[in-house]
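Have a look at the structure below before the remarks.
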Amino acid sequence: MFDRPGPRVFGLPPGADFPKELLLGLEKRLAGHPPEAWAKVEIFVNTRRMQRRLVSLFDKGPARLLPRIRLVTDMARISGLGDLPPAIPPLRRRLELSQLVAGLLAREPDLAPSAAIFDLADSLAGLMDEMQGEGVAPEVLHNLDVSHLSEHWERTRSFLTIVEQFFGTDGQDGLDGEARNRRAAEFLVKLWETSPPQHPIIVAGSTGSRGATALFMEAVARLPQGAVILPGFDFDQPDVVWDALDDAMTAEDHPQFRFRKLMTALGISRPDVDEWNEGSPAPNPARNRLISLALRPAPVTDQWLTEGRDLTEIAAATADMTLIEAPSPRAEAMAIALRLRQAAEDGITAALITPDRMLTRQVTAALDRWGIEPDDSAGLPLQLSAPGRFFRHIAALFGQKLTAEALLTLLKHPLTSSTPGLRGNHLLWTRELELYIRRNGPPFPTGHDLISWAEKNDDGRMDWAIWLADILTGLDTIQERPLSDHLTQHIALSEALAAGPSAEGSGGLWDKPAGKEAHKAVTALVAEAGYGGDLSPRDYGDLFRAVLGRHEVHDPIQPHARIMIWGTLEARVQGADLVILGGLNEGSWPSVPPPDPWLNREMRRNTGLLLPERRIGLAAHDFQQAIGAKEVFLTRAVRDAEAETVPSRWLNRLTNLLNGLPNQGGDAALKNMRAKGAYWLSVATALEEPASREPSAQRPSPCPPVTARPNKLSVTRIQTLIRDPYAIYARYILNLNPLDALRQEPDAPLRGTILHKVFEEFIRHGVDQDPEVAKHQLLSIADQVFAESAPWPAARRMWRARLARVADWFLLGEAERQVDAHWIALERKGSVSLQNGFELTAEADRIDQRTDGTLVIYDYKTGSPPSKKQMEEYDKQLLLEAAMAARGGFKDLAAGPVAQVAYIGLGPNPKFDRMDLPDGMANETWANLGELIEKYRQPERGYTARRASFRREDASDYDHLSRYGEWNESLPPSPEEVGE
């Protein structure tokens, strides 16, 4: 098939549909050959996706024998390599390495947190793969001179020598995958030196970025009928630039560096690389020349000045290019989704290529509004799928006290009790249990609590509660144990919860694609659990989550045939009419090289390993390959959620080059690219713009029947009736009560309640005359009350410190108060009925009595006390309590005049606000209350939402019900009659 002598290296230009062009080249070279010649061809490709695409192209016809299409990683299957030890499962090696890393962190805890054990094991496994692939023996580490480096690198180098056992030549357990590939490549090189195969062998689509693959490519290129076909080869790059790519320290981040390294190894130069298909140019040769110049290595960018003037086809190069510089990631995603939607309507093939998975999820969500399901090559990480979250929730219970949130999160998961016929009752009882826990607690429910709750009803929930209690009891006592024991209980518990009470099997746990992938991941972990050693519950959870993160689930729904989302690698495999390169910002494309905790850059260079810039170089090649497509969109977000972003270095180079070529129309071309991008951004903005800026709802003011209106309110609710009548309507007429928090937090209302109890107990026991003794008594009572009512150690300490800061001030004022009067009631409840039958209730914090028989009413405030003006107009609490006391409304207290009311402010700035009550003021307040209640006895009087809020930002429990936000306080109320 090949006439000229080797080594043979061919290339296809950026933007070419690689599998299609590969097939066309084979057809030309095999024209006139007998049919069996096709079957003799052996093709090695780098991904299964390319393998499937080639097979698909062959299936389209014409009829012919199919060549043998293999993966490069299958080179060990070539005849003659049957004695090569099998590859060790990667998971097993990572488990073994995790034990070594755990030992390292036990000796050197400052190296990393224990939660990073599996991540470090992953990193170490990657380093071992790289060393084995590049042929770097562990002995090289011993010869490294680290005397001029920090002690950290000396420690890590010493640790790396421990893993020499995994570099054995004839390990009984087998070889690591990369070591096996290296051994196969070395064997083939030696074998083919004396017995080269005579049939055609082609390595197609690989860049040779891994050492074993590069070695194999070199051997194939030298075969009598061997050839290497490189993707995205830059035929426009001058020889002088190719020659400048020989220094990895300055050129490894260039897209063509790997090809230059391969050419050097083969002893050939740029003219020796032929086009695979002569006469089949790239989709846009002018653009390829522009990009080639833009991506020149940094040391030779002066060529922009000399060669830039020769770019006479800039308009043609950029005619089908669009640049979107969005103000935010959301706007970028929306603009991309709109262009993909247009492509779907036009019937063209379109692909979004980006390494930014957050962007792809946003685009997918935006496309969903039009019912477009893109074909996403990456899928969903297993840990984010339903089975993945289910397993993670259960693993988080090990070794931890069960919280109400964890319990309800697990019970509400769609896989819990998923056996057909059981889900309905399960959800009903879960709802009832949640309401009970919200009202009554406890924050840490036990099996006994569940059974006690079920005993209060006789509707069948007892069996459900017993089943749940049996499953969850004892999980908090789990301690460090072998990985296999963790897994056995984890899987059994998961299957039991998924099945439900009195059910066999595992419910829907292992069903659907996500369940099958989860079964695959768990089965692999079970098979290798013996290598995992002993793990604490926390370490087990980290390990299990990391294992799930290595698997992906693909959507079973049939995706759109022409709308795709690809990773950067897929750009070499597929062809599309429209290619969108998204997320073109530094840190995203190219991504920041991950930190290497084992070797720094200098140590890597001295050992012959790849520099961190290798990833950037590969990403640059993917960019150069993708931007060569027929129509291209370049998109980025100018700003993310935190700060302004930096454009990708390749996009920056392109825009700088175009701006610097005004005589060739470069600046005009760039303006045109941005103008086209601005159009799509304007469409996205218009799509997101509300149809109208006018309020979409009226300000509610419901008018229920008079018979349905409340006949009883507390003094604190009178303020609510004045400021936000709608809240009274929702709570006392509609009977809508806010749900209690699932987890009681040490918030301000709870702090106020607890401090009220502290001062009640302190005053009730009597105040000592000695201030120091009194302070000690106050803080002792506080400690006791906090211990009983506040199960948050940090909050208790903070509240005690705040109380200690105001204790002296309070005791000084208390001495004056006790001289003025003595207390006669603490936390005393009371009620009084108005003439119209309305009942007013209250609970006074403290009532004192002076020697003249007059009363003083106090209220403790942990926040800011209201001003006198607020008390007169809105905050009627103390004035109404005074009116009630004057009418004998408090239990076991005779009626008596109130001379004064006061707030004792206990906030950061303690304050004592008092108001003397002149004769008649209590009666006036009482009369005003009667008038207020009478007004709400009028059928046409509505309960207006947020009638007189103190601050606009103040939130009400019923703002959502009133649709606040769709209207504002500037609108007049809209009274509306409502029925019973």
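The values are calculated or read from the model by the stated rules, or taken from the named source; none is laboratory data. Not measured: the values here are computed from a predicted model. Methodologically, a virtual Cβ is constructed for each residue, glycine included, from the backbone with ideal geometry; neighbour enumeration extends over all protein chains shown.
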Checklist entry - Counting just the residues of the stretch 583-603 that are part of a loop (DSSP other than H, G, I, E, B) and of a type in the set (D, E, K, R), which one comes out farthest from PRO355 (Cα to Cα)? => result ASP596
Next on the checklist: Among (1) surrounded by fewer than 22 Cβ atoms within 10 Å (Cβ to Cβ); (2) under 39 Å from the mean Cα position of the chain (by Cα); (3) under 23 Å from LEU658 (Cα atoms), there is one condition MET249 misses while meeting the rest; what is its number?
Outcome noted: (3)
Item to check | Breaking point among (1) at pLDDT below 90; (2) closer than 30 Å to ALA137 by Cα; (3) crowded, with 22+ Cβ neighbours inside 10 Å, for HIS621 | outcome: (1)
Checklist outcome for this item: Given (1) in the same structural domain as LEU191 (by TED's automatic domain parsing); (2) surrounded by fewer than 16 Cβ atoms within 10 Å (Cβ to Cβ); (3) not basic (Lys, Arg), GLY103 misses just (1)
Checklist entry - Which of the residues belonging to the stretch 54-69 are closer than 25 Å to GLY379 by Cα and either loosely packed, with under 13 Cβ neighbours inside 10 Å or within 33 Å of the chain's Cα centre (by Cα) (or both)? => result SER56
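So is ALA825 farther than 20 Å from THR716 by Cα, assigned to a strand (DSSP E or B) and either in contact with an Asp or Glu (Cβ under 6 Å, 6 or more places away or on another chain) or in contact (Cβ under 8 Å) with a residue 12 or more places away in the chain (or both) or not?
Numbers: farther than 20 Å from THR716 by Cα: no; assigned to a strand (DSSP E or B): yes; either in contact with an Asp or Glu (Cβ under 6 Å, 6 or more places away or on another chain) or in contact (Cβ under 8 Å) with a residue 12 or more places away in the chain (or both): yes.
No; evaluated as a whole, the condition is false for this residue.
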Checklist outcome for this item: Condition set among the hydroxyl-bearing types (Ser, Thr, Tyr) and within 17 Å of TYR732 (Cα to Cα), scope the stretch 933-966, selection farthest from the chain's Cα centre (by Cα): answer is TYR936
Checklist entry - Restricted to the stretch 828-844, and to residues that are of a type in the set (A, V, I, L, M, F, W, C) and part of a loop (DSSP other than H, G, I, E, B), which residue is modelled with the lowest pLDDT? => result LEU834
Item to check | Matching residues, the stretch 308-320, being surrounded by 11 or more Cβ atoms within 10 Å (Cβ to Cβ), among the acidic types (Asp, Glu) and free of Cβ contacts under 8 Å to residues at least 40 places away in the same chain | outcome: GLU313
Checklist entry - ALA294: in contact with a Gly (Cβ under 9 Å, 6 or more places away or on another chain) and at pLDDT 90 or above, yes or no? => result no
Next on the checklist: For the stretch 106-126, give me the residue count where each residue is at pLDDT below 80 and closer than 14 Å to LEU91 by Cβ.
Outcome noted: 0
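With respect to ASP916, is the statement that it is surrounded by fewer than 14 Cβ atoms within 10 Å (Cβ to Cβ), under 21 Å from GLN818 (Cβ atoms) and either touching a strand residue (DSSP E or B) at 6+ places or on another chain (Cβ under 6 Å) or without any contact (Cβ under 8 Å) to a residue 12 or more places away in the chain (or both) true? Steps first, answer last, please.
Working: surrounded by fewer than 14 Cβ atoms within 10 Å (Cβ to Cβ): yes; under 21 Å from GLN818 (Cβ atoms): yes; either touching a strand residue (DSSP E or B) at 6+ places or on another chain (Cβ under 6 Å) or without any contact (Cβ under 8 Å) to a residue 12 or more places away in the chain (or both): yes.
Here the answer is yes, as ASP916 does meet what is asked.
Using the structure shown, decide if ALA335 is closer than 17 Å to PHE633 by Cα, surrounded by 20 or more Cβ atoms within 10 Å (Cβ to Cβ), of a type outside the set (D, E, K, R) and in contact with an Asp or Glu (Cβ under 8 Å, 6 or more places away or on another chain).
No; evaluated as a whole, the condition is false for this residue.
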Checklist outcome for this item: In the stretch 559-587, anything surrounded by fewer than 21 Cβ atoms within 10 Å (Cβ to Cβ), of a type outside the set (Asp, Glu) and closer than 22 Å to ALA366 by Cα is listed as PRO559, HIS560, ALA561, ARG562, GLY567, THR568
Checklist outcome for this item: Checked LEU450, LEU422, LEU410 against criteria (buried (at least 17 other Cβ atoms within 10 Å of the Cβ), out of contact with any His (no Cβ under 8 Å at 6 or more places or on another chain) and in contact (Cβ under 8 Å) with a residue 24 or more places away in the chain); the one match is LEU422
Checklist outcome for this item: If you go through ALA697, ALA686, the only one that is touching a residue at least 60 places away in the same chain (Cβ under 8 Å) and either surrounded by 15 or more Cβ atoms within 10 Å (Cβ to Cβ) or of a type in the set (Gly, Ala, Ser) (or both) is ALA697
Checklist outcome for this item: Flagged in the stretch 355-404 as more than 16 Å from the chain's Cα centre (by Cα), among the hydroxyl-bearing types (Ser, Thr, Tyr) and over 14 Å from ILE563 (Cα atoms), in numbering order, are THR403
Next on the checklist: Which count do you get for residues in the stretch 372-406 that are of a type in the set (S, T, N, Q) and part of a helix (DSSP H, G or I)?
Outcome noted: 1
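Looking at ARG64, ARG70, ARG93, which one is in a helix (DSSP H, G or I) and charged (D, E, K, R)?
That would be ARG93, the only listed residue that is in a helix (DSSP H, G or I) and charged (D, E, K, R).
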Checklist entry - Of (1) aliphatic (A, V, I, L, M); (2) farther than 24 Å from GLN698 by Cβ; (3) in contact (Cβ under 8 Å) with a residue 24 or more places away in the chain, ALA948 satisfies all except one. Which? => result (2)
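One line per residue, one yes/no per condition, for (1) surrounded by 20 or more Cβ atoms within 10 Å (Cβ to Cβ); (2) not in a helix (DSSP H, G or I):
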{"position": "LEU493", "(1), (2)": "no, no"}
{"position": "ALA498", "(1), (2)": "yes, no"}
{"position": "SER502", "(1), (2)": "no, yes"}
{"position": "GLY505", "(1), (2)": "no, yes"}
{"position": "LEU509", "(1), (2)": "yes, yes"}
{"position": "ALA514", "(1), (2)": "yes, no"}
{"position": "HIS519", "(1), (2)": "no, no"}
{"position": "ALA524", "(1), (2)": "no, no"}
{"position": "GLY530", "(1), (2)": "no, no"}
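Residue-wise test of (1) crowded, with 20+ Cβ neighbours inside 10 Å; (2) farther than 30 Å from VAL241 by Cβ; (3) in the same structural domain as TRP589 (by TED's automatic domain parsing); (4) of a type outside the set (Phe, Trp, Tyr).
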| site | (1), (2), (3), (4) |
| --- | --- |
| LEU323 | yes, no, yes, yes |
| LEU340 | yes, yes, yes, yes |
| THR354 | yes, no, yes, yes |
| ARG357 | no, yes, yes, yes |
Checklist outcome for this item: For LEU338, the lone unmet condition from (1) closer than 25 Å to VAL646 by Cα; (2) free of Cβ contacts under 8 Å to residues at least 60 places away in the same chain is (2)
Checklist entry - Of the residues THR409, THR419, which is touching a helix residue (DSSP H, G or I) at 6+ places or on another chain (Cβ under 7 Å) and not in a helix (DSSP H, G or I)? => result THR419
Next on the checklist: So for the stretch 551-568 (the condition being of a type in the set (Ser, Thr, Tyr) and in the same structural domain as THR360 (by TED's automatic domain parsing)), does at least one residue qualify?
Outcome noted: yes
Item to check | Test: VAL901 is touching a helix residue (DSSP H, G or I) at 6+ places or on another chain (Cβ under 6 Å), touching a residue at least 40 places away in the same chain (Cβ under 8 Å) and either within 26 Å of ALA801 (Cβ to Cβ) or crowded, with 16+ Cβ neighbours inside 10 Å (or both) | outcome: yes
Item to check | Residue satisfying condition, being without any contact (Cβ under 8 Å) to a residue 24 or more places away in the chain and either closer than 15 Å to GLN625 by Cβ or surrounded by 15 or more Cβ atoms within 10 Å (Cβ to Cβ) (or both), within set ARG270, ARG260 | outcome: ARG260
